[in-house]
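Following: one structure in structure tokens, then a few remarks.
The values are calculated or read from the model by the stated rules, or taken from the named source; none is laboratory data. Source: prediction; values computed, not measured. Cβ placement follows ideal geometry from the backbone for every residue including glycine, while neighbour counts extend to all protein chains displayed. For accessibility, only protein heavy atoms count, side chains too; no ligands or nucleic acids. Shrake-Rupley method; radii C 1.70, N 1.55, O 1.52, S 1.80 Å.
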Amino acid sequence: MRLAGPLRGVAVVLLVGLTWFLASTIFGGDSGSSVRHFFTGKLNQMDTTYPRPRRYKCGLSAPCPPKHLAFRVVSGAANVIGPKICLEDKMLVSSLKDNAGRGINVALVNGVTGELLETKSFDMWAGDVSDLLKFIRPLHEGTLVFVASFDDAATKMNDEARRLFEELGSTAAKELAFRDSWVFVGAKGIENKSPFEQRMKNSKGNNKYEGWPESLEMDGCIPLRAPLDS
């Protein structure tokens, strides 16, 4: 009985030595560092952090080339969620900024510098189209025009308003009808039709919402134009 303690101690020492020997044999070299490496390697694999996708200006999937403006234009959803106009990662128009309204939402931007000039909304259901005409008639050459519809953008549109948007590069303005969704980017003095335009027709059989088509979302890169000769 008196030998039980010493024998137990010897057994523990032998067990530790055997374990150390087996570890050296299995992992080779410095068993301590090898064992640590084995377990930390497993932990690192379990704790792998995957890189998040890069986010570019206005949420674009790729960056714009130099001397280009990144933009995203979103029309309103039915008469509930307001439109958005983003330029160079700055929100120009949105419900949160309290400058979006029913009808046609417009942001004017200097096409040479990218500077915001003005934003305004025009009620095309109960408003006066003359307010819209006074706003877009005197635009200067090279001014960029960003447009996003909300609820109804067409009821009060007349022939002159449609023609002025056509002169800015629109192909859809002439056919825009009651509650159509519409997003558009054009410019004063554009030589060709704008490549940045989408229209979703209000159709009872195809509408996403009960009385409205789905919201439209458009993004891209717009080249800055060279300064005009004085």
- Query: How big is the charge dipole of the range 45-170 about its Cα centre, in debye rounded to the nearest 20, if each Lys and Arg gets +1 on its Cβ and each Asp and Glu gets -1 on its Cβ?
  - Reply: 480 debye
- Item | Segment Lys208-Asn158, length gained on full extension (0.36 nm per residue, minus Cα span) | 15.3 nm
- Net length gained if the chain between Asn110 and Glu191 were fully extended (0.36 nm per residue, minus Cα distance): 27.4 nm
- Task: Treating cross-link reach as a plain straight distance, find the lysines whose alpha-carbon is under 22 Å from the alpha-carbon of Lys120, omitting any fewer than eight places away in the same chain.
- Result: Lys84, Lys90, Lys97, Lys134, Lys156, Lys174, Lys188
- Item | 14 Å Cα-Cα reach of Lys57 towards aspartates and glutamates, excluding residues that sit fewer than 8 places from it in its own chain | Glu88, Asp89, Asp219
- Item | HN-Hα J in Hz across the range 200-209 - Karplus 6.51, -1.76, 1.60, θ = phi - 60°, x for Gly and Pro | 10, 6, 6, 9, 4, x, 10, 4, 6, 9
- Message: Taking a ≥ b ≥ c as the square roots of the Cα gyration tensor eigenvalues, with a/c under 1.5 meaning rounded and otherwise prolate when a/b beats b/c, else oblate, which class fits the range 122-230?
- Response: oblate
- To the nearest 10 square angstrom, what accessible area does Cys86 show with a 1.4 Å probe? 10 Å²
- Task: Go ahead and run the numbers for FRET between Leu224 and Asp131, Cβ-Cβ distance against an R0 of 35 Å, rounding to 0.05.
- Result: 0.75
